[in-house]
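Q: Sharing a structure here in structure tokens format.
The values are calculated or read from the model by the stated rules, or taken from the named source; none is laboratory data. The structure displayed is predicted, hence computed values, not measured ones. As a convention, Cβ positions derive from the backbone with ideal geometry for all residues, glycine included, and neighbour counts pool all protein chains shown.
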């Protein structure tokens, strides 16, 4: 994928949707969506309207940025298919991406690149990417839903372990972050060939690590991430 292949919508970092609520899903799906909306429902019930779900992608890779997304869904939104991005196929994620943007009140992305990751460490870079996403939201959030992280911002926060599977807002954010970062890595694969970045998205697979050992680091590799030697398969004893 080349940069010139991307549409203007693919390059956008924030936007406002139509705030559409979807009740057209089958009964079982509606029940599932209600179960992952229970934390939001409590907050909406208290009079808070704009809840931003946040999630990140890219803490584990040895190359590329960490990307965070913030999504404000309309109250009682039941958009069919939203789930933890890791539980969805790439095809399903890319199909849901424009639907989430359309259904949202607002959405935004934030990213921190390898040089900054090396300077401040990956945890702080993750928090910074989330703060950039929050700041970029066209509609200010009133409450944050976060997956196992608390941010140094003056907003009420609900922190959930495995939140991308427990919160519809965090799940929506995980999908946007994953689609955007995977698209970026496909572009980087064209710019820095030989590493297979489009296939593994920068994660330390044996083939990726071997490419780094053979070629050296590219400008998007994280120099502070130590690469362990590749484990070779043990030889089978002779029969």
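Q: Quick one: what pairs do we get from the range 104-116, first residue at positive phi, second assigned to a strand (DSSP E or B), C-beta under 9 Å, 6+ apart or different chains?
A: That search, which allows pairs on different chains as well, returns nothing.
Q: Look through the range 16-38, keep the residues that are within 19 Å of residue 107 (Cβ to Cβ) and out of contact with any helix residue (DSSP H, G or I) (no Cβ under 6 Å at 6 or more places or on another chain), and return whichever of them is surrounded by the most Cβ atoms within 10 Å (Cβ to Cβ).
A: Among them, the one singled out is 33.
Q: Would you point out the residue of the range 1-15, among those that are in a helix (DSSP H, G or I) and exposed (fewer than 11 other Cβ atoms within 10 Å of the Cβ), that is modelled with the lowest pLDDT?
A: Out of the qualifying residues, it is 4.
Q: In addition: Among the residues of the range 64-86, are any in a loop (DSSP other than H, G, I, E, B) and more than 23 Å from residue 41 (Cα to Cα)?
A: Step one: of the range 64-86, the residues in a loop (DSSP other than H, G, I, E, B) are 64-65, 73-84.
Retained after the next criterion (residues that are more than 23 Å from residue 41 (Cα to Cα)): 64-65.
Yes, the conditions are met somewhere in the range 64-86.
Q: Those residues that are within 20 Å of residue 60 (Cα to Cα) and either in contact (Cβ under 8 Å) with a residue 40 or more places away in the chain or surrounded by 20 or more Cβ atoms within 10 Å (Cβ to Cβ) (or both), I need them from the range 133-148; list them, please. Before you say what the answer is, go through the steps one by one.
A: Of the range 133-148, the ones within 20 Å of residue 60 (Cα to Cα) are 133, 146-148.
Matches in the range 133-148: 133, 146, 147.
Q: Of the residues 170, 175, 134, 117, which is over 28 Å from residue 34 (Cα atoms) and assigned to a helix (DSSP H, G or I)?
A: Just one listed residue meets the conditions, 117.
Q: Picking from 162, 232, which residue would you name as being farther than 30 Å from residue 44 by Cα, modelled with pLDDT under 95 and surrounded by fewer than 13 Cβ atoms within 10 Å (Cβ to Cβ)?
A: The unique qualifying residue is 232.
Q: Here's another thing I want to ask about it. Say we look at the range 80-93 and pick out the residues that are within 16 Å of residue 183 (Cβ to Cβ) and touching a helix residue (DSSP H, G or I) at 6+ places or on another chain (Cβ under 6 Å); which of these is modelled with the lowest pLDDT?
A: Result: 85.
Q: Looking at residue 73, is it over 11 Å from the mean Cα position of the chain (by Cα), closer than 24 Å to residue 12 by Cβ and either surrounded by 21 or more Cβ atoms within 10 Å (Cβ to Cβ) or in contact (Cβ under 8 Å) with a residue 24 or more places away in the chain (or both)?
A: yes
Q: Something else: So, in the range 87-112, exactly how many residues are part of a loop (DSSP other than H, G, I, E, B) and closer than 17 Å to residue 136 by Cα?
A: 2
Q: Of everything in the range 32-63, what is over 20 Å from residue 160 (Cβ atoms) and either in a strand (DSSP E or B) or free of Cβ contacts under 8 Å to residues at least 12 places away in the same chain (or both)? Give them in sequence order.
A: Correct list: 47, 63.
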